[in-house]
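Structure first, commentary second.
What follows is calculated from the coordinates using simple rules that are stated; it is not laboratory data. Quantities reported herein were computed from a predicted structural model and do not represent experimental measurements. With ideal geometry, Cβ positions are generated from the backbone for all residues, glycine too; neighbour counts draw on all protein chains shown.
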Amino acid sequence: MRIVATGMRILLGAIFVFFGLNHIFNFLPSGPMPSGTAGQFLAAMTAAKYFYLVGVCEALPGLFLLISRFVPLALLVLAAVIVNIDFVDLTLAHIGLPMGALVTILWIYLAYRYRSALSGVLKQRAEI
């Protein structure tokens, strides 16, 4: 099972490094802007340069997963990113659902494998 977890960690890290760097450097050709609300949403995020921040929030934790350092922290940061990916896929751009489902499944598996390191985040009352 450790080999499976390592493979999934590397795959999730590679996905987020690749697509996070694409948000920053835009090396993949993008198709036409979608119409309707999805297009307006993407246009606003592009005009505000918001995708640069998204790219950093994807690429840096992805790199941590690839080099197997700060994995619980990377999983926590990516949890927020993945929730946003899933919400956008479910409400605006249904074409991204397969990739969103893949990263969600990978994340859930890794969060389960690292549950002991993540358990402190789920405490009801924090002790100082």
Would you calculate the separation in nanometres between label points at residue 111 and residue 84, each defined as 7 Å from the Cα along the Cα-to-beta-carbon direction? 1.7 nm
Could you tell me how far the Cα centroid of the stretch 1-76 sits from the Cα centroid of the stretch 86-121, in Å? 13 Å
Rg over Rh of the chain, using C-alpha atoms and the Kirkwood radius, what does it come to? 1.01
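Quick check: residue separation of residue 70 and residue 91 times 0.36 nm, minus the Cα distance between them. What number comes out in nm?
Values: separation 21, 0.36 × 21 = 7.56 nm, distance 3.19 nm.
Contour length minus the Cα-Cα distance gives 4.4 nm.
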Please compute the modelled spin-label separation between residue 48 and residue 24, points set 7 Å along Cα→Cβ, answer in nm with one decimal. 2.1 nm
Gaussian network model of the chain, Cα within-10 Å springs - most flexible of 17, 81, 103: 81
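To the nearest 500 deg cm²/dmol, what mean residue ellipticity at 222 nm is calculated for the chain from DSSP H runs of n ≥ 4 alone, each contributing -39,500 (n - 2.57), summed and divided by the residues? Write down the numbers at each step before the final one.
Values: 6 runs with 96 residues, N = 128.
Roughly -25000 deg cm²/dmol at 222 nm, from the helical runs in the chain.
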Between 29, 72, 98, where does the largest GNM mean-square fluctuation fall for the chain, given springs only between Cα atoms within less than 10 Å? 29
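Taking loop as defined by DSSP and a crowding limit of 16 other beta carbons within 10 Å, which trypsin sites (Lys or Arg not before Pro) in the stretch 1-98 fit? Working shown, then result.
Working: sites: 2, 9, 49, 69; in loops: 49, 69.
Listed in order of number, the matching sites are 49, 69.
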If I take R0 = 25 Å and measure r between the Cβ atoms of residue 14 and residue 37 in this structure, what FRET efficiency does the formula 1/(1 + (r/R0)^6) give, to the nearest 0.05? 0.20
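Less than 12 Å Cβ to Cβ from residue 108, Lys/Arg counted +1 and Asp/Glu -1: what total charge do the surrounding residues give?
Working: positive: 113, 115; negative: 86.
My count for the surroundings of residue 108 gives +1.
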For the chain, with a Gaussian network of springs between Cα atoms less than 10 Å apart, report the residue from 78, 53, 106 with the top mean-square fluctuation. 53
What list of ³J(HN,Hα) values in whole Hz, one per residue of the stretch 64-78 in order, does the Karplus curve 6.51 cos²θ - 1.76 cosθ + 1.60 (θ = phi - 60°) give from phi, with Gly and Pro shown as x? 4, 5, 5, 8, 6, 10, 6, 4, x, 5, 4, 5, 5, 5, 5
